[in-house]
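Step one of this worksheet: look at the structure below.
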Amino acid sequence: MMQLIRMCKKKSKWWKEKGPFFDVVISSRIRLARNLSLFPFPHKANNAQQKEILEKSEKAIKVNQYMKDSQILRFSELDKIDLQLLMERHLISYEHSLGQGYGGVAIDKKEVVSIMINEEDHLRLQVIYSGLQLFKAWALATKIDDKLNEKINYAFSHQWGYLTACPTNVGTGLRVSCMMHLPVLVLTRKIDAVLRNLSKIGFVVRGLYGEGTEVMGDLFQISNAVTLGQSEESIIDNIERVIKPIIEFERQSRIKLMEKNKVGVEDMIYRAYGILKYIRSITFSETMDLLSKIRLGLYLNLNLDCDISLVNELMILSQSAHIQELIGKPLSVVQRDELRAELIRKSFKK
């Protein structure tokens with residue numbers, strides 16, 4: 001679809017800007033799980049019910065003042081590459097990208113807001129901002145949610161709160177997460193202790209595309225595990241209290257590593273830079289690993305002939321579906337690796 005090709009060629013607002021603590025926190029995300037009353041959850045709904053949920057949701061979104069410039073995509077009109085592209089841009093989840101049933105997504109023109117329809121829940125509203133801006137993302141999400149609730153009756157219990165397909169989302173239905181870049185904690189093997197401690201205090205750590213996906217490029221999604229029994233503001237405040245010490249730990253670890261092994265660190269980063277400038281074939285996983293090192297080098301003020309916006313852009317555009325969408329056809333693994341290398345070389349040359 002032409003709008004997806006145009007999407008490939010533009011930068012999303014959340015990954016082109018430099019929000020607070022952007023050297024460590026790539027993005028902040030607020031996600032709300034909501035369901036329509038009197039309808040079964042998507043995995044129990046039949047085709048006719050899923051279609052009705054989709055249509056009711058589309059009508060409510062179209063008249064929402066905060067979504068008036070959005071586009072709504074029905075999965076029945078998209079192929080597998082299109083769906084993977086939306087996942088790669090973090091507009092839909094991995095599960096949603098499988099494209100089962102009457103799925104859809106509404107996306108605002110800046111790609112800050114997306115509303116997934118018929119994912120695990122009837123509606124998954126998410127807002128993403130650059131850096132650590134959780135309360136700002138929450139402020140927008142709750143405004144959109146309130147307006148949707150004026151047109152849609154949510155499944156709600158005065159005892160349990162918002163009712164959701166997964167029990168862990170019952171209550172506020174709120175999932176708060178930060179995508180963090182922690183290369184030195186990984187390099188110094190301090191990350192294992194951090195992950196263990198997060199698990200002990202009730203937080204979840206996931207990979208690049210969320211639940212069930214692997215960590216790449218030293219990027220970790222850290223989020224709350226429980227939504228019941230706390231207010232939305234307290235959930236957000238709790239995760240900020242956890243995120244800020246991790247930011248400081250990563251920053252201090254960078255300083256100490258340079259003091260301890262400056263030549264070794266510089267050699268690692270300049271090697272990564274040299275490989276990407278002249279590479280002829282490369283996987284996405286290796287690309288993310290090398291870009292992570294260059295991103296670190298930029299914050300260590302090394303003399304690299306690129307900037308953070310280029311690195312962030314390549315982390316998105318070098319993904320498999322982006323490459324295939326721009327070419328306009330499915331490609332073999334070998335073809336994707338070769339075209340990815342060409343894209344990176346040309347980007348560094350510019």
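Here is a check on your reading of the model: is S57 assigned by TED's automatic domain parsing to the domain that holds C166, in a helix (DSSP H, G or I) and modelled with pLDDT of 95 or more? Against the criterion (assigned by TED's automatic domain parsing to the domain that holds C166, in a helix (DSSP H, G or I) and modelled with pLDDT of 95 or more), S57 qualifies. If you check D69 against the conditions, is it touching a helix residue (DSSP H, G or I) at 6+ places or on another chain (Cβ under 6 Å) and of a type in the set (D, E, K, R)? Criteria not met by D69.
Among the residues of the stretch 323-342, those identified as hydrophobic (A, V, I, L, M, F, W, C) and buried (at least 18 other Cβ atoms within 10 Å of the Cβ) are I323, L339, A341. Note on the stretch 45-81: residues that are surrounded by 20 or more Cβ atoms within 10 Å (Cβ to Cβ) and charged (D, E, K, R) amount to 0.
Table: residues versus (1) surrounded by fewer than 19 Cβ atoms within 10 Å (Cβ to Cβ); (2) without any contact (Cβ under 8 Å) to a residue 60 or more places away in the chain; (3) over 23 Å from L86 (Cα atoms).
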{"position": "I115", "(1), (2), (3)": "no, yes, no"}
{"position": "Y129", "(1), (2), (3)": "no, no, no"}
{"position": "D145", "(1), (2), (3)": "no, no, no"}
{"position": "N153", "(1), (2), (3)": "yes, no, yes"}
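Where residues in the stretch 1-19 are within 30 Å of D237 (Cβ to Cβ) and either polar (S, T, N, Q) or surrounded by 14 or more Cβ atoms within 10 Å (Cβ to Cβ) (or both), which of them is modelled with the highest pLDDT? Per the criteria, the residue is G19.
The values are calculated or read from the model by the stated rules, or taken from the named source; none is laboratory data. Predicted, not measured: the structure shown is a model, and the values here were computed from it. Every residue, glycine among them, receives a Cβ derived from its backbone with ideal geometry; neighbour counts consider all protein chains shown.
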